[in-house]
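The values are calculated or read from the model by the stated rules, or taken from the named source; none is laboratory data. As the structure is a computational prediction, the values presented were derived from the model and not from experiment. All Cβ positions, even for glycine, are placed from backbone atoms using ideal geometry, and neighbour counts span all protein chains on display.
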Amino acid sequence: MEGRQAGKESKPSSVSVDLQGDSSLQVEISDAVSERDKVKFTVQTKSCLPHFTQLEFSVVRQHEEFIWLHDAYVENEEYAGLIIPPAPPRPDFEASREKLQKLGEGDSSITREEFAKMKQELEAEYLAIFKKTVAMHEVFLQRLAAHPTLRRDHNFFVFLEYGQDLSVRGKNRKELLGGYLRNIVKSADEALITRMSGLKEVDDFFEHERTFLLEYHTRIRDACLRADRVMYSHKCLADDYIPISAALNSLGVQEVNQLKMSFLKLAEFFERLRKLEGRVASDEDLKLSDMLRYYMRDSQAAKDLLYRRLRALADYENANKALDKARTRNREVRTAESHQQRCCQRFERLSDSAKQELMDFKSRRVISFRKNLIELAELELKHAKASTLLLWNTLLTLKGEP
Amino acid sequence: MAAEREPPPLGDAKPTDFEELEDGEDLFTSTVSTLESSPSSPEPASLPAEDVSTNSNGPKPAEVVLDDDREDLFAEATEEVSLDSPEREPILSSEPSPAVTPVTPTTLIAPRIESKSMSAPVIFDRSREEIEEEANGDVFDIEIGVSDPEKVGDGMNAYMAYRVTTKTSLSMFSKSEFSVKRRFSDFLGLHSKLASKYLHVGYIVPPAPEKSIVGMTKVKVGKEDSSSTEFVEKRRAALERYLQRTVKHPTLLQDPDLRQFLESSELPRAVNTQALSGAGILRMVNKAADAVNKMTIKMNESDAWFEEKQQQFENLDQQLRKLHASVEALVCHRKELSANTAAFAKSAAMLGNSEDHTALSRALSQLAEVEEKIDQLHQEQAFADFYMFSELLSDYIRLIAAVKEIEEWEAKVQQGERDFEQISKTIRKEVGRFEKERVKDFKTVIIKYLESLVQTQQQLIKYWEAFLPEAKAIA
């Protein structure tokens, strides 16, 4: 929802969902609360669709319920020809919490001020992670709401409206393991399929898409990881300014000569620089890292679609072979024919919708990259200019003093 | 006066293996033996005070003898030291400090760095007015550079030789421009001589650069990697700063050993190159004191001053150490940032290659280029962080350690009141000079550092401004 920011504290979102002017179903996460080790999202829906009993209503959902919804879509044959929006990642405050705890256990050598600043930094970090997880969950729902087919899913309605807890427990170990195994089997299967004799990709478009997506996905995953590291280094750098500023402050306080002003001015400078650097780091995170991460997941979803289509193609091929065999033996031809018919139709249906979906994926990707890269450049410029100004002012003061 | 010393030549005469063997493995041999063999040097006190009238640092020729029982160090009061030119013209030393390339250009990104001159903050611009206001008449015109680290010899006996270039118009030197080759142990030898002569009289003798077993081992092993190149460069820069600080000291500048160090082509191999630190002298003093009846130190008002100063320096030392540690962390993280940015640039380029939307593909490649340039920026900034900020701090920490030693020593001085007063006066003046230097030094460096940061930001602006239209062009 593009215009969502108005009236609400702007949530960081590198991925925005274009509703194409359709306001018959609007979904957003209006509130979120972080408890011990779970987050409770308040999902608010505004809709004039006849299906719902009210025009506006809210429910509280937890992360597992989102996953349940996602899996329901994936397992639904009807949506086999669609890119299922990637599930939001699990809220993870572990790292942040650990850092806060470590700070609390404390280092007696840091001053009270330093401690306060570091605590402030960590709290800001915690808050940022929190906002991000809200945004990810929201985008997931909004994409579903924007998709003409997916939005009509029964489970989706239940998710949005059903007041009670969906009683979806997190996957237990067996299920998790099952999930992993399924993935392995899937990729092995896919490899097998493509080498099966007779299974030739009939469509150039898909052949191209397949090659493209395989490579793209790997590379974007790489880029995302490395962008994360850059952001992390930047953050460390910004944090380094805290003790530097504090030490300069102490020096300034002790000094009795002309250096006093210089030290104090410098301490202030590094404090401001820290804030600027911190902003650079978080903007890089949002505009670059997050975007790359989202499209990494989305490209995986696209790959999954291709796989399903290939599977359908294999089934179709097999059905053809079975039909031929049945004809030669002249047994159960009718069954074989109808089976082959079904497989053919399924395959063609999948191919058609997949084509559309993949083209949408491309345009979505381009729009999103464009928006974020522009915003990234503009923000970097803004921060660089602010830093320069800060530096000039500090230099002026320092040079001006006796 | 030549303004810029050119950076070390790229590539030529660069040793392939860096090996330097330093003589004198142990830093701290027994001070007694050092005592015996230390060169007899004239006492600073025997400087003809009249000639130094403009320079109030020279003490009156009191025979400063630590102890009647020890004659070696301070026996001979020769007239070796004399000022050739008592008058020192106020000279406008307006040349900027020698340009120091922070990295020996062999293995690292050389050409880029040369454009960014990072200078050691010693010789600053002075206006005529400033010079007139100079209370001490601390005007001198001498410029020292240390360059061209070169491996001499082979195998285990190899060492690094550095070229020490002096440019001066002071007439006490025979030429106006000259250079000699010195090795690290020569510097240590110089320091030990100066320390033995001046420390106990209350002068702050700049400490010599530290020996580094770790660093040298790597270099000895012949590893020609960036860390040994860095080590050599670090050492070269430290030696340069050390000499510059030493010649800045008006009294030390007069010293014949210093002159010999700078001028003579052949220097007698310093036999005992253990850095005769203030700690060494202190031990010496203590030993001697035991043999003699202790004399009570007269309490007078100057003690309060000393105590206050001691406390002040103690605090300063502590804070500087903290600051130094933090700056080292900064340097480390900036290097990491640089490496991570480079890695990201590569993967962005790969992604751009994969992307089948043309305009987006191009934009991504542009992004990769921008990031690569930014990575270089970060690297350079890291050098600035280090060479300007961090090294300055560590120099000061060591200087303060030297100051503290003097003061400790002062507290144990065993002499007549007259001598005590004399030394205390000297110390006061030294501390005063030190404070002044510190102020100027620090400010100069900080300003240069901030200017380097400005440069970085301006480059960043350029890069992103060039990138923005590319991003907008994605159709």
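Confirm whether residue A:240 is modelled with pLDDT of 85 or more, within 22 Å of the chain's Cα centre (by Cα) and assigned to a helix (DSSP H, G or I).
Working: modelled with pLDDT of 85 or more: yes; within 22 Å of the chain's Cα centre (by Cα): no; assigned to a helix (DSSP H, G or I): yes.
No: the conditions fail for residue A:240.
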- Of the conditions (1) buried (at least 20 other Cβ atoms within 10 Å of the Cβ); (2) over 27 Å from the mean Cα position of the chain (by Cα); (3) more than 9 Å from chain B (Cβ to nearest Cβ); (4) of a type in the set (Gly, Ala, Ser), residue A:246 clears all except one; give me its number. (3)
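Table: residues versus (1) out of contact with any Asp or Glu (no Cβ under 7 Å at 6 or more places or on another chain); (2) farther than 28 Å from residue A:279 by Cα; (3) without any contact (Cβ under 8 Å) to a residue 40 or more places away in the chain.
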position	(1), (2), (3)
A:29	no, no, no
A:33	yes, no, yes
A:84	yes, yes, no
A:91	yes, no, no
A:101	yes, no, yes
A:109	yes, no, yes
A:117	yes, no, no
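Conditions tested, residue by residue: (1) modelled with pLDDT of 85 or more; (2) surrounded by fewer than 19 Cβ atoms within 10 Å (Cβ to Cβ); (3) part of a loop (DSSP other than H, G, I, E, B).
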| residue | (1), (2), (3) |
| --- | --- |
| A:74 | yes, yes, no |
| A:78 | yes, yes, no |
| A:92 | yes, yes, yes |
| A:97 | no, yes, no |
| A:102 | no, yes, no |
- Just one listed residue, out of A:348, A:375, A:337, is of a type outside the set (A, V, I, L, M, F, W, C) and either crowded, with 18+ Cβ neighbours inside 10 Å or free of Cβ contacts under 8 Å to residues at least 12 places away in the same chain (or both), and it is A:348
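Part of a helix (DSSP H, G or I), in contact with a Lys or Arg (Cβ under 6 Å, 6 or more places away or on another chain) and either at pLDDT below 95 or more than 10 Å from chain B (Cβ to nearest Cβ) (or both): which single residue out of A:375, A:348, A:317, A:357 fits that description? Don't jump to the end; show me each part of the working.
Details: A:348 fails: in contact with a Lys or Arg (Cβ under 6 Å, 6 or more places away or on another chain); A:317 fails: in contact with a Lys or Arg (Cβ under 6 Å, 6 or more places away or on another chain); A:357 fails: in contact with a Lys or Arg (Cβ under 6 Å, 6 or more places away or on another chain).
Going through A:375, A:348, A:317, A:357 in turn, just one is part of a helix (DSSP H, G or I), in contact with a Lys or Arg (Cβ under 6 Å, 6 or more places away or on another chain) and either at pLDDT below 95 or more than 10 Å from chain B (Cβ to nearest Cβ) (or both): A:375.
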- Message: Just to be sure I understand, how many residues within the range B:366-393 are within 12 Å of chain A (Cβ to nearest Cβ) and either among the hydroxyl-bearing types (Ser, Thr, Tyr) or at positive phi (or both)?
- Response: 1
- Message: Based on this model, can you work out whether residue A:334 counts as in a helix (DSSP H, G or I) and facing chain B (nearest Cβ under 8 Å)?
- Response: no
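Every residue, every condition in (1) out of contact with any Cys (no Cβ under 7 Å at 6 or more places or on another chain); (2) more than 7 Å from every other protein chain (Cβ to nearest Cβ); (3) closer than 28 Å to residue A:255 by Cβ; (4) surrounded by fewer than 21 Cβ atoms within 10 Å (Cβ to Cβ), yes or no:
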{"position": "B:426", "(1), (2), (3), (4)": "yes, yes, yes, no"}
{"position": "B:432", "(1), (2), (3), (4)": "yes, yes, yes, yes"}
{"position": "B:437", "(1), (2), (3), (4)": "yes, yes, yes, yes"}
{"position": "B:443", "(1), (2), (3), (4)": "yes, no, yes, yes"}
{"position": "B:446", "(1), (2), (3), (4)": "yes, no, yes, no"}
{"position": "B:458", "(1), (2), (3), (4)": "yes, no, no, yes"}
{"position": "B:462", "(1), (2), (3), (4)": "yes, yes, no, yes"}
{"position": "B:465", "(1), (2), (3), (4)": "yes, no, no, yes"}
{"position": "B:471", "(1), (2), (3), (4)": "yes, no, no, no"}
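Report whether or not residue B:400 is more than 10 Å from chain A (Cβ to nearest Cβ), modelled with pLDDT under 75 and within 21 Å of the chain's Cα centre (by Cα). Break it down stepwise before answering.
Numbers: more than 10 Å from chain A (Cβ to nearest Cβ): yes; modelled with pLDDT under 75: no; within 21 Å of the chain's Cα centre (by Cα): yes.
Answer is no for this residue.
Quick check: is even one residue across the range B:353-371 touching a Ser or Thr at 6+ places or on another chain (Cβ under 6 Å), buried (at least 23 other Cβ atoms within 10 Å of the Cβ) and part of a loop (DSSP other than H, G, I, E, B)? Explain how you work it out, then say what you get.
Taking the range B:353-371 and keeping what is touching a Ser or Thr at 6+ places or on another chain (Cβ under 6 Å), we get B:355, B:371.
So of that shortlist, the ones also buried (at least 23 other Cβ atoms within 10 Å of the Cβ) come out as B:355, B:371.
From what's left, part of a loop (DSSP other than H, G, I, E, B): B:355.
For the range B:353-371, residues touching a Ser or Thr at 6+ places or on another chain (Cβ under 6 Å), buried (at least 23 other Cβ atoms within 10 Å of the Cβ) and part of a loop (DSSP other than H, G, I, E, B): present.
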- Message: Can you report the number of residues in the range B:332-360 which are more than 21 Å from residue A:364 (Cα to Cα), facing chain A (nearest Cβ under 7 Å) and either in contact with a Cys (Cβ under 6 Å, 6 or more places away or on another chain) or not hydrophobic (A, V, I, L, M, F, W, C) (or both)?
- Response: 6
- Being under 16 Å from residue B:368 (Cα atoms), facing chain B (nearest Cβ under 8 Å) and touching an Asp or Glu at 6+ places or on another chain (Cβ under 9 Å) is the filter here, so list the residues in the range A:221-243 that pass it. A:227, A:229, A:230
- Looking at this structure, is residue B:421 modelled with pLDDT under 80, under 29 Å from the mean Cα position of the chain (by Cα), of a type outside the set (Phe, Trp, Tyr) and part of a helix (DSSP H, G or I)? no
- Does the range A:360-372 hold any residues that are hydrophobic (A, V, I, L, M, F, W, C) and at the interface with chain B (Cβ under 9 Å from one of its Cβ atoms), and which are they? A:366, A:367, A:369
- If you go through the range A:249-279 one residue at a time, how many are more than 9 Å from chain B (Cβ to nearest Cβ) and closer than 25 Å to residue B:318 by Cβ? 12
- Query: Any idea how many residues of the range A:9-38 are at pLDDT below 90 and under 30 Å from residue A:98 (Cβ atoms)?
  - Reply: 12
